[in-house]
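Have a look at the structure below before the remarks.
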Amino acid sequence: MMKSPSLTIGVEEEYQIIDPETRELKSFITQFMESEAGAMEVKKGELKAGVKAELHASMVELGTPVCQNVAELKTALFAQRAAIHELAAQRGLQIAAASTHPFSHWLGQEISPFDRYAKTVEDHQVIAQRMLIFGMHVHIGIEDRDFAIDCMNTVRYALPHILALTTSSPFWAGQFTGMKSYRSIIFEDMPRTGLPETFPSWAAFERFVQRLVNTGCIADGSKIWWDVRPHYSFPTLEFRVPDICTRAEEAVAVAALLQAIVAWMWNLRKRNMTFRTYRGDLIAENKWRALRDGLDGRMIDFGREEEVATRQLVRELLLLVDEEIDDLGSRDEIDVIYRILEEGTSADRQKKVFLQHGGDANRAEALRAVVDHLVRETAEGI
């Protein structure tokens, strides 16, 4: 008999370190980690959030503690952002949350001086160097590993919906790409990314991972970077598909929605029911539409076999988990999603600022204005 999931919740965010004079990315992670707040901890009230390096030295990653509910998560995430803003400000720097920088080029970025990242560059060469992207990972506690696999198999359908709600990377190396999530395109240059295949059981997934280890493909499960995966060491299902949300309250809302989706799938399982599992190539069509058009496009409703406005499909998803939202006490936090549906995502707001400042006709100034906008919006509410 499967054990009920705890549905604990946690969020990791990867932030941009910004030079306020040039608005360029600033390689500064080692200084952060060697600072007094270093010893890998930033203190804010009673909370401690670990400061972690990532591949590029202009990125800093922080993760919330394991939270029992969405209210705890909101407190922790806002405190986390306040802490890193304070640490950066003390050093004359700024923090921004967006999945690509509007104009800093990957060729000019330092790689973090740690062995694991040197190995990543050795293994993936220029592909790794181009990974100047910033993500948000949401962990939902699922202790029963077979249910984690069942949930991964079926939740794939909703991943494009989540991506459409979070798009924040319309620019790349100073160019407006025409995509809402260019991060999603860049990341899939790496191996073992994108949508996972389905697995019949946890044992089958373990055999898959072990085969990759035995054949020298990976050192361990941490090198599997799918859009959703059972975490390699924590008893969680880790959602890696979102762009990072610029506004903290939007990050909380999306995390709360993912928690509600997992709860809904568990409730189906208790009634010996499940959600239909769709082919990965069909879901990939919706992911393409989500990364290109965000909420403004249309995705495929596979049940009806027709195109439907993405906003409508997101609203239908919210209705699907409405009972679970009340059970989890996350109604207020998830209501923010309705505002996203009305006003758009960070990618939409970045494009608006870019055009308001002259767009391509005034590109350098317009891009700097986008950076200033991101810095202000990242700090909202903290």
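Annotations for the structure displayed:
So that you can scan it fast, the table gives a plain yes or no per residue for (1) exposed (fewer than 13 other Cβ atoms within 10 Å of the Cβ); (2) among the polar types (S, T, N, Q); (3) under 20 Å from the mean Cα position of the chain (by Cα):
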site	(1), (2), (3)
Y278	no, no, no
G297	no, no, no
G329	yes, no, no
L341	no, no, yes
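- Hey, N272 exposed (fewer than 14 other Cβ atoms within 10 Å of the Cβ) and either of a type outside the set (K, R) or within 26 Å of G178 (Cβ to Cβ) (or both) or not: yes
- Residue within segment 91-103 that is modelled with pLDDT under 95 and more than 22 Å from S184 (Cα to Cα) present: yes
Let's see how each residue does on (1) hydrophobic (A, V, I, L, M, F, W, C); (2) modelled with pLDDT of 95 or more; (3) more than 14 Å from P242 (Cβ to Cβ):
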site	(1), (2), (3)
A128	yes, no, yes
G135	no, yes, no
H139	no, yes, no
P170	no, yes, yes
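- Across segment 160-175, the qualifying residues are those that are in contact with a helix residue (DSSP H, G or I) (Cβ under 8 Å, 6 or more places away or on another chain) and over 21 Å from A251 (Cβ atoms), and the one among them that is surrounded by the fewest Cβ atoms within 10 Å (Cβ to Cβ) is G174.
- Residues of segment 102-150 that are among the polar types (S, T, N, Q), surrounded by fewer than 17 Cβ atoms within 10 Å (Cβ to Cβ) and at negative phi: Q129 alone.
- Scanning segment 176-216 for residues that are out of contact with any His (no Cβ under 9 Å at 6 or more places or on another chain), surrounded by 13 or more Cβ atoms within 10 Å (Cβ to Cβ) and either modelled with pLDDT under 95 or part of a loop (DSSP other than H, G, I, E, B) (or both) yields T177, M179, K180, E188, R192, L195, P196, T198, F199.
- Evaluated against (1) closer than 30 Å to R207 by Cα; (2) under 17 Å from the mean Cα position of the chain (by Cα), Y182 falls short on exactly one condition, (1).
- Among the numbered conditions (1) in contact with a Gly (Cβ under 7 Å, 6 or more places away or on another chain); (2) closer than 18 Å to P242 by Cα, the only one that V336 does not meet is (1).
- Which numbered condition T277 fails, given (1) out of contact with any helix residue (DSSP H, G or I) (no Cβ under 7 Å at 6 or more places or on another chain); (2) modelled with pLDDT under 95; (3) of a type in the set (V, I, T): (1)
- Counted residues, segment 261-314 - those being closer than 23 Å to E197 by Cα and among the small types (G, A, S): 5
- Members of segment 316-354 that are of a type outside the set (G, A, S) and touching a strand residue (DSSP E or B) at 6+ places or on another chain (Cβ under 9 Å): E316, T345, Q350, K351, F354
- Scope segment 29-52; condition over 20 Å from A255 (Cα atoms) and either in contact with a Lys or Arg (Cβ under 9 Å, 6 or more places away or on another chain) or at pLDDT 95 or above (or both); matching residues: I29, Q31, F32, M33, S35, A37, M40, E41, V42
- In the set V321, V371, V353, only one residue is among the aliphatic types (A, V, I, L, M), surrounded by 13 or more Cβ atoms within 10 Å (Cβ to Cβ), touching a His at 6+ places or on another chain (Cβ under 9 Å) and touching a residue at least 60 places away in the same chain (Cβ under 8 Å); that residue is V371.
- For segment 217-237, the set of residues classified as small (G, A, S) and assigned to a loop (DSSP other than H, G, I, E, B) consists of A219, S233, listed by residue number.
- Selection over segment 217-252 of residues that are farther than 18 Å from P191 by Cβ and without any contact (Cβ under 8 Å) to a residue 40 or more places away in the chain gives a count of 1.
The values are calculated or read from the model by the stated rules, or taken from the named source; none is laboratory data. All of these numbers come straight from a predicted model, not from anything done at the bench. With ideal geometry, Cβ positions are generated from the backbone for all residues, glycine too; neighbour counts draw on all protein chains shown.
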